[in-house]
Amino acid sequence: MNRIAFGKYIPTDSPLHRLDPRAKLAALVLLVVSVFVPVSWYCYIPLALTAFLAVRLSYLKLRFVARTLRPILFLMLFLFVVNALTLKRGEVIYEIGSFQLYSYAISFTLRIGARLFLMIVFTTCLTATTKPLDLNLAIEYILRPLGLLRFPVHEVAMMISIALRFIPTLSMEAGRIMNAQKSRGVDFEDGKLLEKASAILSLAIPLFTIAFERAYELADAMEARGYVPGERRTRYRKLRYCSGDLVLVLFSLLMLAAMILSRVLL
Amino acid sequence: MTVIVFPPFPYIIQGMSLIRVRDLSFRYDENTRSLEKISFDIEEGDYVTIVGRNGSGKSTLARLLVGLETPDEGTIEIDGKILSDDNLPEIRKRIGIVFQNPDNQFIGATVRDDIAFGLENRCFEPDVMKRKIEKYSRKVGLSQLLDKEPEALSGGQKQRVAIAGILAMHPDIIVFDEATSMLDPRGRETIKDIIDSLHQDRKLTIISITHDIEEVMNSDDCIVLYDGRVFDHGRPEKVFADADRVRSIGLDVSFIGKVKEAFRKYGIVLKSDTEDEMVGELWQYALRR
Amino acid sequence: MAIRFTKISYIYDADMPYFHNALKSVNLEIAEGRITALIGETGSGKSTLVQHLNALLVPHLGRIEILDHRIEAGKRNKGLKQLRRDVGLVFQFPEYQLFEATVLDDAAFGPMRFGYSKSEAKKRAADALISLGITKELFDRNPMELSGGQKRRVAIAGILASDPKIIVLDEPAAGLDPAGTKLLEELFVSLNRERGKTIIVVSHDNDMVYSCCDDTVLMANGSVVYHGDTLALFNDRTLIDENHLLVPRLVELKNRLQEKGFKVPSSVRTIDDLAREIAMECGS
């Protein structure tokens with residue numbers, strides 16, 4: 001369970017940790033859009049530098065970032081095969097029998113790869129430096145206008161924050177049940193189809209039971225502490241901007257503007 | 001000099017019990033009886049333990065007391081007000097509950113946020129909340145851990161967070177529903193120490209549902225449930241005096257009780273209620289021999 | 001030797017800034033046919049060690065031999081299923097692993113995974129259930145309908161049904177009432193005394209450890225600090241103080257009596273032993 005690196009919060013005290021989650025969320029949106037704008041190769045240089053800077057400023061180990069990227073390698077491989085078979089533009093650079101590999105298939109795959117790569121690095125820098133709770137506050141802040149349309153912003157935010165709160169607990173629980181069933185002879189890795197189905201059931205049924213039990217107990221605890229859905233309540237956490245936030249958002253805006261400009265001019 | 005005041009209106013004095021439970025019955029479904037015509041009083045400032053084997057109805061009683069279930073029959077009266085749907089929010093402000101599983105009552109993302117949860121529901125302003133969080137986290141010894149997440153805390157620490165969250169709302173009554181049963185010995189001791197110190201102030205009424213016989217012996221008053229009924233109610237030394245009777249309903253006597261029982265088997269009858277007294281008593285006995 | 005650990009190290013989150021060295025070059029030999037307690041504070045490495053006994057975790061360094069199985073660091077280890085049949089692991093709150101529709105099916109689930117035929121597995125399950133006091137009327141019930149103590153016993157029966165040679169129990173009595181606790185203590189003692197099973201109990205309850213367990217392994221910060229006779233451990237002031245151990249209440253009372261002048265031997269294991277010794281000393 002500890003193998004999942006993408007989306008994980010890393011509790012250190014880096015410069016990025018100290019910034020306001022709203023600023024970071026806004027910057028992420030701007031940067032991700034920037035990633036999809038450019039046409040020229042040169043444009044990826046400043047973006048890659050930004051990504052590198054972001055990783056350094058969040059004190060992340062490169063090995064950790066590499067681990068979050070591992071899944072896209074497979075995606076890339078798959079994409080490359082599809083592209084090699086279907087994209088027939090540019091020069092032929094390799095030929096075997098009736099099959100011809102065109103340069104465009106390679107450049108197109110690389111471009112998509114670069115975009116995914118940058119997107120994941122930026123997202124990782126956000127999730128690794130922002131507590132789920134703060135991220136949730138930021139989302140709630142951004143969704144606030146929807147409250148005017150009678151959208152239950154607070155309740156949704158409460159649901160998200162509780163879900164986030166219980167993800168580590170339930171994933172630990174899942175690990176524990178898997179271990180217990182392995183001890184009873186269940187093989188989660190290989191085995192026949194029928195065995196596999198029973199393996200999944202042996203994990204899923206107890207996990208659902210526990211999740212429901214926890215949900216009921218949590219609901220009791222919330223009720224006993226005076227929570228009434230829909231009723232007015234104050235909030236302890238208040239988000240505060242600092243000058244660093246302004247720098248981050250301005251920088252991201254400039255990056256987007258530059259990318260758009262490059263697209264128009266080049 | 002002692003002044004004896006003869007109560008002119010005995011029923012008023014009687015009516016002063018903080019909690020009065022009368023003929024309380026509750027069942028989860030047709031076939032199973034959970035509680036059957038239970039009646040008892042709890043005095044203000046007392047530390048009351050409720051014991052009974054698993055399935056005797058202890059936790060159901062706790063849920064009824066904090067208004068998480070509605071009685072089928074009978075009444076729960078708190079400070080003269082009969083618990084009902086109308087006054088539930090009012091009464092809830094006066095009574096807090098710490099549940100058994102430390103994980104399932106941790107709502108906030110950090111210690112700070114969890115203590116704040118109840119205060120947010122009561123619409124306190126952020127700066128007031130901050131003061132209260134600091135004050136009550138200090139009281140349970142958590143000042144250094146305010147920004148920790150639940151995964152980084154031990155079970156005992158999580159239970160202390162739950163207690164701080166309740167204390168911050170100034171209740172009159174705290175119910176502990178097997179709050180120490182999932183903790184390691186060290187965690188258990190810290191929670192029991194906190195319960196003790198809360199009891200010292202005598203401002204709070206404490207109701208603790210427990211299997212821990214040593215905790216029971218430490219309380220003022222003990223209610224024994226058996227099969228959904230009150231089997232016994234009184235001072236713990238009295239309730240647990242007869243080892244065979246206690247064992248017949250699936251409970252156990254205290255360590256001291258067991259020692260006395262063993263010595264009796266070898267013809268030595270001891271009267272002491274503490275280890276200190278017992279060592280002395282045995283020594284006297286040996287000298288006489 | 002039933003179990004031999006040679007220089008076992010295990011690290012959680014090895015590539016994270018907050019990695020945790022849970023086992024530090026642990027050497028440990030546990031003899032066959034004994035009841036061994038595994039004690040130590042939360043986070044001392046007990047549960048990491050227990051998971052190695054079923055190869056649920058594979059060490060980063062070192063070698064483990066259990067009966068005739070070998071687990072080595074950095075290798076793809078084979079024969080895990082046989083290992084898991086030979087070493088029955090009862091986790092904390094084992095009732096959460098129940099998932100089959102009936103009590104009997106659930107108890108037979110393990111033996112069936114370990115290759116017993118359906119009828120043989122059910123027979124073994126039925127025997128195990130009955131030995132734990134789960135009567136035939138309950139066999140066709142859904143395990144979720146049972147009481148907490150019953151569920152726990154069904155789960156334990158599911159492990160015993162495969163007839164493991166070594167049984168590891170992690171806090172078997174956690175959350176049970178006194179009667180349920182006593183029943184489980186008697187169970188593992190009788191599995192050892194009557195059926196010769198090697199038993200390992202992880203526990204925080206030093207009173208129970210003192211009265212039921214032959215040997216004790218004490219862990220602290222990922223290392224084994226003491227392994228040997230239980231009585232010797234709890235009668236050793238220095239070891240107790242150095243490791244902040246909770247002294248069993250019986251030992252505490254016995255020490256006080258000794259200080260007062262009684263000549264109680266340190267080998268008293270139960271309250272009854274103590275009372276008998278004192279009564280003899282007083283000549284009654």
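The values are calculated or read from the model by the stated rules, or taken from the named source; none is laboratory data. Here the structure is a predicted model, which means the values were calculated and not measured. Cβ atoms come from the backbone with ideal geometry, glycine included; neighbour counts cover every protein chain shown. Side chains included, ligands, DNA and RNA excluded: accessible areas come from the protein's heavy atoms. Shrake-Rupley method; radii C 1.70, N 1.55, O 1.52, S 1.80 Å.
Overview of results
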quantity	calculated
Scope segment A:62-84; condition open to solvent by less than 100 Å² (accessible area, probe 1.4 Å), within 12 Å of chain C (Cβ to nearest Cβ) and either more than 16 Å from A:Ala114 (Cβ to Cβ) or modelled with pLDDT of 90 or more (or both); matching residues	A:Phe64, A:Arg67
Among (1) modelled with pLDDT under 95; (2) more than 20 Å from C:Leu53 (Cα to Cα), the one test that C:Val209 misses	(1)
Neighbours by Cβ (under 9 Å, 6+ apart or cross-chain): first from segment C:32-45, more than 14 Å from chain B (Cβ to nearest Cβ) and within 16 Å of C:Tyr226 (Cα to Cα); second assigned to a loop (DSSP other than H, G, I, E, B) and open to solvent by 40 Å² or more (accessible area, probe 1.4 Å)	C:Gly45/C:Asn221
Top-ranked residue in segment A:174-210 [being under 19 Å from C:Leu57 (Cβ atoms) and outside any helix (DSSP H, G or I); ranked as modelled with the lowest pLDDT]	A:Glu189
Options B:Ser219, B:Ser254; residue that is more than 11 Å from chain C (Cβ to nearest Cβ), over 21 Å from C:Gln258 (Cα atoms) and of a type in the set (S, T, N, Q)	B:Ser219
Qualifying residue in segment A:178-199 (condition: open to solvent by less than 70 Å² (accessible area, probe 1.4 Å) and either in contact (Cβ under 8 Å) with a residue 40 or more places away in the chain or in the same structural domain as A:Leu25 (by TED's automatic domain parsing) (or both))	no
Hey, A:Leu75 assigned by TED's automatic domain parsing to the domain that holds A:Met259 and assigned to a helix (DSSP H, G or I) or not	yes
Among (1) farther than 25 Å from A:Ile10 by Cα; (2) among the hydrophobic types (A, V, I, L, M, F, W, C); (3) open to solvent by 10 Å² or more (accessible area, probe 1.4 Å); (4) more than 10 Å from chain A (Cβ to nearest Cβ), the one test that B:Leu146 misses	(1)
Count of segment A:4-23 residues which are open to solvent by less than 20 Å² (accessible area, probe 1.4 Å) and of a type in the set (Asp, Glu)	1
From B:Gly118, B:Gly67, B:Gly156, residue being facing chain A (nearest Cβ under 7 Å), small (Gly, Ala, Ser) and either without any contact (Cβ under 8 Å) to a residue 24 or more places away in the chain or open to solvent by less than 30 Å² (accessible area, probe 1.4 Å) (or both)	B:Gly118
Residue within segment A:120-131 that is aliphatic (A, V, I, L, M), surrounded by fewer than 19 Cβ atoms within 10 Å (Cβ to Cβ) and under 21 Å from A:Lys238 (Cα atoms) present	no
First in segment B:72-92 and over 18 Å from B:Thr60 (Cβ atoms), second anywhere and open to solvent by 80 Å² or more (accessible area, probe 1.4 Å) and outside any loop (DSSP other than H, G, I, E, B), Cβ under 6 Å, 6 or more apart	B:Asn87/B:Lys81
Cβ-Cβ under 8 Å pairs, at least 6 apart or on other chains, segment C:187-208 side in a helix (DSSP H, G or I), far side acidic (Asp, Glu)	C:Met208/C:Glu185
Residue list for segment A:116-161, restricted to those being away from chain B (no Cβ under 14 Å), more than 22 Å from A:Ser58 (Cβ to Cβ) and either part of a helix (DSSP H, G or I) or touching a Cys at 6+ places or on another chain (Cβ under 7 Å) (or both)	A:Leu143, A:Arg144, A:Pro145, A:Leu146, A:Gly147, A:Leu148, A:Leu149, A:Val153, A:Val156
Complete set of residues in segment C:209-225 that are of a type in the set (S, T, N, Q), in a strand (DSSP E or B) and open to solvent by 20 Å² or more (accessible area, probe 1.4 Å)	C:Ser223
Matching option when the condition is of a type outside the set (A, V, I, L, M), within 11 Å of another protein chain (Cβ to nearest Cβ), over 16 Å from C:Pro172 (Cα atoms) and open to solvent by less than 30 Å² (accessible area, probe 1.4 Å), among C:Gly115, C:Gly88, C:Gly158, C:Gly110	C:Gly110
Residue list for segment C:226-253, restricted to those being in contact (Cβ under 8 Å) with a residue 60 or more places away in the chain and either among the aromatic types (Phe, Trp, Tyr) or in a strand (DSSP E or B) (or both)	C:His227
Members of segment C:254-268 that are surrounded by fewer than 16 Cβ atoms within 10 Å (Cβ to Cβ) and in a loop (DSSP other than H, G, I, E, B)	C:Gly261, C:Lys263, C:Pro265, C:Ser266, C:Ser267
Any hit, segment C:6-27, residues being in contact with a strand residue (DSSP E or B) (Cβ under 9 Å, 6 or more places away or on another chain), closer than 17 Å to C:Ile199 by Cα and open to solvent by less than 20 Å² (accessible area, probe 1.4 Å)	no
Among residues of segment B:187-211, those that are of a type in the set (S, T, N, Q), touching a residue at least 40 places away in the same chain (Cβ under 8 Å) and either surrounded by fewer than 21 Cβ atoms within 10 Å (Cβ to Cβ) or not in a strand (DSSP E or B) (or both), counted	2
Residues of segment C:234-253 classified as more than 10 Å from every other protein chain (Cβ to nearest Cβ), among the basic types (Lys, Arg) and either surrounded by 17 or more Cβ atoms within 10 Å (Cβ to Cβ) or farther than 22 Å from C:Ser203 by Cα (or both), total	0
Test result for A:Ser252, out of contact with any helix residue (DSSP H, G or I) (no Cβ under 8 Å at 6 or more places or on another chain), within 30 Å of A:Phe36 (Cα to Cα) and in the same structural domain as A:Ala26 (by TED's automatic domain parsing)	no
Test for B:Arg229: is it closer than 29 Å to B:Val140 by Cα, of a type in the set (Lys, Arg) and either surrounded by fewer than 21 Cβ atoms within 10 Å (Cβ to Cβ) or in contact with a His (Cβ under 6 Å, 6 or more places away or on another chain) (or both)	no
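Table: residues versus (1) assigned to a helix (DSSP H, G or I); (2) without any contact (Cβ under 8 Å) to a residue 40 or more places away in the chain; (3) not assigned by TED's automatic domain parsing to the domain that holds A:Leu16.
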position: A:Tyr44; (1), (2), (3): yes, no, no
position: A:Tyr59; (1), (2), (3): no, no, no
position: A:Phe64; (1), (2), (3): yes, no, no
position: A:Thr68; (1), (2), (3): yes, no, no
position: A:Val82; (1), (2), (3): yes, yes, no
position: A:Gln100; (1), (2), (3): no, yes, no
